[in-house]
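Have a look at the structure below, then the notes.
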Amino acid sequence: MDYILKTIEKKIIRFEGTADSKVYHQVKVEYAFYLLLSYFWNKNFEEIGIIDFILQGNIIKDIQKPSIGTIGSLIQKLDIKNELKASKNKKENNSELTDYAEIRNDLIGHGYSFEDDLQNFSESFDEWYKTLLNLRISILNRNTDLIVCQGFDNITKEYIGTIYDYEGDIRSNWRCSNQIYEFEIGNLYASYEPNTYFRLSPFIHIEPSEDALYIFRSVQQSLLGKLRYNRIDKSDKDFTKCWEEFEFSANNGVLKRQPNGCLINIFHPNYKRYIEVGSIKEQVYSFLTGKEKGSSVCITLWGHGGNGKTATVQKICEELSLTDKRPFEFIIFLSAKDRELNKYTGKIITISLENRITTFEELIKKLNQLIFSEDSLDANKIINDNSKILLVIDDYETFEDTDKEKITKFIKQLNTSYHKVIITTRNSFLKIGDEIQTNELDVPNTIKFLYDVLSYEHNYTPLQLKNVELEIKKGNIKDEIHKITIGKPIEIIRFVNCFVQKGKLTEDFLKDMRRVNSHSERIEFLYGRNYKQLEGDKLAQDIFTVIGLLTPVDSLTSLIKHIKFILNKKDEDEAVFNSSIDKLVKLRLIEIDEDGSYKVDSKDILEIMKQEYNKRHENFKSGTKAFYERIKTNITSDTDRALLTHVKTLRHQSNPETTIQQYREILRQGREFSYDVKLEALLDLADFLFNHRGEKEIAIRLFEEYFDDYYEFEVLKRYSSYTWSLDKEKSIKILESFYSEYTTRNVQLARNQKLHLLGLIVMRESFYWNDKFDRESNTRPKIKQQLKRVYNSYGHILFAQLKSINLFKDLSSEEINDVTLALESLADTCYRIDNKSVAIEICEFGLSKIPERMHSRFKRKLDKLRGYRSHFKQSRPKSNFSLISNNKFGNNRLEIINLEPKDSGYIGTILKIPDEETKYGYIKYRDSQIIGRIYFRESSLAENQLLRELNERDRVNFGFGKIRYNKFGAINIEKIK
């Protein structure tokens, strides 16, 4: 009896009559088997290795994942002194230990669970326990204490620990002199009499922190000596512990064990002595062991080739494998790199297949070989393993896309508590998890790295380094070195390897290096696969090649808009285009500025782009060149401006169809083309059609097509002018529609533009109706009403506003010319509507305010007006409001007129109050130039003015503006007290 058997007996009593009690009968028997295994293993295993190493090898093989039958067989193999046979003379002990497995497996199968519904075979297990007791092995059939050795007292020279006695008590006061037995800290021992101890570890184990009881289950990691246990006092199958004595394989030519117990696969660093490059290593350490260690499973180091990614991760692997604290049990560096650059000649060296991994399956197989010593393709073995593993996959972009997908899926299934992965790649769009970007060195760091290479790899003395430093400080040699090496560690090393052969930094040497580089394969090595890495995205490859066509070598910059134009990409293609060009950014081939420009990272990259463009099919090249030709002369301008400039030159050089087509292409472009450029193209094309081609109807249809998109005054002027030549009524309608709607369309007009617009309406309306008046005598009464409408709605407003400004100062020559023609026509209108005094006033105004070159027009009219005797009376209202009320004079005789819009300032008299029937009323208004009635509604009243307080004939102050929808009338009406 011992503490564990006592615990099991208590469980059997506690669960008597239940399935759990029957399970503990099984547990008691199998614990006895492991107790015997522990006894014979610790007593005889090492001796077996001396007398029969083949048998020892077989025992090691059998112990990896043993069944209970294997345990019985191992006990018998370990009993080299025949202690078991001593009891077999007795009849009741004729059974072999391996027989238990057959009975046990027939009853319950492999393993045990506390929830299984087992049959009542308790007696069978009890019989087997008696059989084991009858073997007369003292450690099993005597009362035995279990001791966990937990430390050593250097003062008393005693081992100290916790004793678990056979009566079921636990005490932490156990001590034993080192003269009695040499204990191992953390190990479990059995003692059935004073001064007698037998080691039970590693097959039986107690964790004193929670008094947890464990028995051996299997060897999980033979390289680490990691054993997996079953807990026997409750369900727990995940406990593992490493035992040095079970580290059967290390330093086998594939793996090597470091002093801290970490296993690292053997690889050959690509440096003699690592030279620190920036803070990359520090950032990786933060991810692996620092504050960022729980953020994700994987981190990606990305950047151009030759920036030191591989050297950095190799150095990290070496350092972590040698730290006192063991952050990882396995550190595995695997490379997919298929070529490298010779650091002396600049030639590309192919790496053989046996020295790299090429597929996902090879990756998994290699990991299983290294971690489990198995040739397995089962990724789940690694995913489910709880060993602390650091996996580095170098040159990830070399894998095929299908393998990348599998590797990404595999990495995402790993457990961040146990597993960490570092990926190196040239492509940031291939990144998994977190990312760290690697960059080329700037000038100061390039020179520093150069000094380090001379010192560490070529043993330069401080004096020699000082001489080199003096040479580098001359002129612009620093910058020249940086240009030659492009700030890449691999190129700096190659530069130094060539320099030490010369020993002096002369201009001739630098020229030689430029020449050597031009004949080396470094451009192909560093950038040659960028195009291939864009496979699967044809648009990205098209962008790559077009940049080669488009970009000037001297500046390395151009505009994204140019690329879109050459590839004929529209607004609807924007998302796909942005996704594709982003891949070039993530490859660090180009940088994109906020202003819409891009810059190629280096001339070497641009050279590769040009080479790939030249390899393209002739159809692609001819199509893209045709678009490029249209903007190349204005390549520094925005694409839209460059195209417009180009098409302007075609007006006199190319066939008309081409010119029209290219104008229309600009108009059809999306947001990438500016509104101003497209507006200019619209006006240019309309001019080309109307004035150069004489295609007036087509020009007008063009405006009809685009007027809603370019709804502004400049377009209106041209549109109405061209329309006037073919359809005068339509031209007038276009102008008046704009006049009534532009405020609702949120079009802002300056004061001079408003005057110009009024002038155009008055000029065209007056000319049109005056012309009809002359030609159609039979309809003159109706025409006269139209002329009155023109004056009431527009004419008087125009004239009033013109009198309030300085024409020469406030208006342009075009505007002066148009309002002059408007006034000339308005004078005729006033004359024909019997308003001779206003006509005279207009002519007098023209003679005093209009440019002298136009005076003759007004002078002739004025002479005619003054020599003509009026036979009509001016339309002035009588001051008889009773007549108004009786409709004998008032509403029906006064014309509805418009005034200049303003919030207030007009004085008038109420003619009609809104009522239930009509809902509207009128205000009578007159000044020196006009008399008429103004429409209003109850909503037109000022906030503090009530309708019931108003009566007909009341004088009111009001403004003029929009009342509702497009209806204009009096606003802010307020009674004058």
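Here are some notes:
- For mean projected area of the Cα convex hull in nm², calculated from these coordinates, the label among (i) 44.2; (ii) 74.2; (iii) 70.8: (ii)
- Farthest toward the positive end of the dipole of the range 299-420, out of Ile393, Thr300, Ser376, is the Cα of Thr300, where the dipole comes from beta carbon charges about the Cα centre.
- Residues in the range 507-520 carry Karplus couplings, in order, of 5, 4, 5, 4, 4, 4, 5, 4, 5, 4, 4, 5, 9, 7 Hz; the curve used is 6.51 cos²θ - 1.76 cosθ + 1.60 with θ = phi - 60°, and Gly or Pro positions show x.
- Centre separation in Å (Cα based) which lies between the range 718-789 and the range 249-324: 83 Å
- Put in line by how crowded their Cβ is, counting other Cβ atoms within 10 Å and starting with the fewest, Asp595, Asp542, Asp479 read Asp595, Asp479, Asp542.
- Long-range amide H partners of Lys912 with built H, under 5 Å: Tyr922
- Across all directions, the shadow cast by the convex hull of the range 726-848 built on its C-alpha atoms averages 8.0 square nanometres.
- Averaging the sequence gap over all C-alpha pairs within less than 8 Å and six or more residues apart, then dividing by the number of residues, gives the range 255-437 a relative contact order of 31 percent.
- The chain: calculated mean residue ellipticity at 222 nm from DSSP helix runs of at least 4, using -39500 (n - 2.57): -14000 deg cm²/dmol
- Here the dipole of the range 208-340 is about 320 debye; that uses its Cα centre as origin and unit charges on the Cβ of Lys and Arg (positive) and Asp and Glu (negative).
- Share, in percent, of DSSP beta bridges within the range 255-437 that are antiparallel, nearest 5: 20 percent
- Whether the range 630-749 is rounded, prolate or oblate, judged on the alpha carbon gyration tensor where a/c under 1.5 counts as rounded: oblate
- Summing Cβ point charges (Lys, Arg +1; Asp, Glu -1) relative to the Cα centre of the chain gives a dipole of roughly 6460 debye.
- Relative contact order [Cα under 8 Å, 6+ residues apart], the range 676-785, whole percent: 16 percent
- Annotation: amide H-H contacts under 5 Å for Val421 (H modelled 1.01 Å from N, sequence separation of 5 or more, or interchain): Cys298, Ile299, Leu391.
- For chymotrypsin sites (Phe, Trp or Tyr not before Pro), no site in the range 765-834 is both called loop by DSSP and has at most 15 other Cβ atoms within 10 Å.
- Applying both filters, DSSP loop and at most 12 other Cβ atoms within 10 Å, to the GluC sites (Glu not before Pro) of the range 917-952 gives Glu917, Glu943.
- Kirkwood Rh, Cα atoms: Rg over Rh of the range 255-437: 0.93
- Neighbour-limited loop hits for GluC sites (Glu not before Pro), the range 529-616 (at most 10 other Cβ within 10 Å; DSSP other than H, G, I, E, B): Glu594
- Rounded to the nearest Hz, the phi-derived 3J(HN,Hα) couplings of the range 37-44 under the Karplus curve 6.51 cos²θ - 1.76 cosθ + 1.60 (θ = phi - 60°) are 4, 4, 4, 6, 4, 5, 8, 10, where x marks glycine and proline.
- The phi torsions of the range 178-183, fed into the Karplus equation with coefficients 6.51, -1.76 and 1.60 and a -60° offset, translate into couplings of 5, 7, 8, 7, 9, 7 Hz, rounded to whole numbers, with Gly and Pro shown as x.
- In the range 243-350, the ratio of gyration radius to Kirkwood radius, Rg to Rh, stands at 1.00 when only Cα atoms are counted.
- Percentage of interatomic Cα-Cα distances in the range 530-614 larger than 22 Å: 14 percent
- Dipole axis of the chain (+1 Lys, Arg; -1 Asp, Glu on Cβ), positive-most option in Leu84, Ile411, Asn770: Asn770
- Whole-Å distance, taken between Cα centres, linking the range 434-489 and the range 365-380: 43 Å
- Counting neighbouring Cβ atoms within 10 Å and putting the fewest first, the residues Ser721, Ser209, Ser848, Ser555 line up as Ser209, Ser848, Ser555, Ser721.
- Relative contact order for the chain, counting Cα pairs under 8 Å that sit 6 or more residues apart, in percent: 5 percent
- Selection among Asn445, Gln150, Thr645 by position relative to the dipole of the chain gives Thr645 as farthest towards the positive end (Cβ unit charges, Cα centre).
- The DSSP beta bridges internal to the chain are antiparallel in roughly 75% of cases.
- Magnitude of the charge dipole, the range 530-614, Cβ model with Lys/Arg +1 and Asp/Glu -1, debye to 20: 200 debye
- Helix 675-687 vs. the chain, principal-axis angle (Cα, 0 to 90°, nearest 10): 40 degrees
- Folded to 0 to 90 degrees: helix 401-412 orientation relative to the chain principal axis, Cα: 70 degrees
- Counting neighbouring Cβ atoms within 10 Å and putting the fewest first, the residues Lys22, Lys599, Lys61 line up as Lys61, Lys599, Lys22.
- When every Cα-Cα distance of the range 443-522 is counted in 5 angstrom steps from zero, the calculated P(r) takes the values 3, 15, 30, 30, 17, 4, 1 percent.
- Amide proton proximity set for Ile896, modelled H, under 5 Å, gap of 5+: Arg933
A short reminder: the numbers here are calculations on the coordinates, not readings from a lab. Please read all numbers here as calculations on a predicted model, not as lab measurements. Glycine also receives a Cβ, built like all others from the backbone with ideal geometry; neighbour counts cover every protein chain displayed.
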